[in-house]
Amino acid sequence: MFSLLKSHIDPLSLKEKGFNALAACLVIMTLGFVLHLLPHEKQHLPLLASMGASAFLLFVVPHSPMAQPSQVFIGQLASAVVGLTCAHSIDNTIIAGACSVGGAVLAMELLRSLHPPGTATALAVGMSGAQFHDAIWPFLAYAVLGNVLLLLALAYLINNLLLGRRYPTGKSHHPHHEEFDNIDKSGLPQLTEPDIEWALSQMDGIVDVSKEDLIDIYELAAEHALAGRPTQRVTTRENS
């Protein structure tokens, strides 16, 4: 039972933890001040609470597909639109909030832009229907776009210039991937769990997957590669 409570995240160094926390604090503080200073008519642009969750992804797991700019931008914006639509269409705030979250999940899945903090944006907007007025569409678009674009700009600057990380990561490999891809792999040793743990320790942040998952992926890929070789298929049939 107690094993279920054990963390499956490989620990970062204390220095890395401190940098992550400081970066998240700095970006939210800067975002709040900038939004306060931007031109506005009757009220300042709000600092959306869901930006805190987005900041966690951007600085703690910047390698995650869910932390990439397109996921953040489309996920947050689509969720806000879904939340606003539910707020205007459903009188009961609890039902509106629930439908907003469910609709946001569906919208992000259909758009292939999964960003979990977007559901928080959808919930907040969906349950605030009584506060909306005729001008809320442009205001909300301005507010969400302002939050997201500023957050992404700050994440890019802080990750690349201050923390020395590559963000966004895109579909890139480690620096010597091409060199490794061209070598003869016939003599490579069998990977073990300590090898996976060491490789994870070389990443500049938490990788959003457990070492058990990585080992399973490696083993399944190796089995698939072996099954694809004619000699292996013949041997398998003879043994069977």
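The values are calculated or read from the model by the stated rules, or taken from the named source; none is laboratory data. Keep in mind that this is a model prediction, so the values were computed, not measured. No Cβ is skipped: glycine too gets one built from the backbone with ideal geometry, and neighbour counts run over all protein chains shown. SASA here: full protein model, heavy atoms, side chains in, ligands and nucleic acids out. Shrake-Rupley method; radii C 1.70, N 1.55, O 1.52, S 1.80 Å.
Structure data summary
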read-out: Those residues of the stretch 85-102 which are closer than 18 Å to Leu140 by Cα and under 23 Å from the mean Cα position of the chain (by Cα), in sequence order; value: Gly97, Ser100, Val101
read-out: Matching residues in the stretch 110-119 - criterion: being open to solvent by 80 Å² or more (accessible area, probe 1.4 Å) and under 14 Å from the mean Cα position of the chain (by Cα); value: Arg112
read-out: Some residue of the stretch 139-148 being closer than 28 Å to Met29 by Cβ, part of a helix (DSSP H, G or I), open to solvent by 90 Å² or more (accessible area, probe 1.4 Å) and modelled with pLDDT of 85 or more; value: no
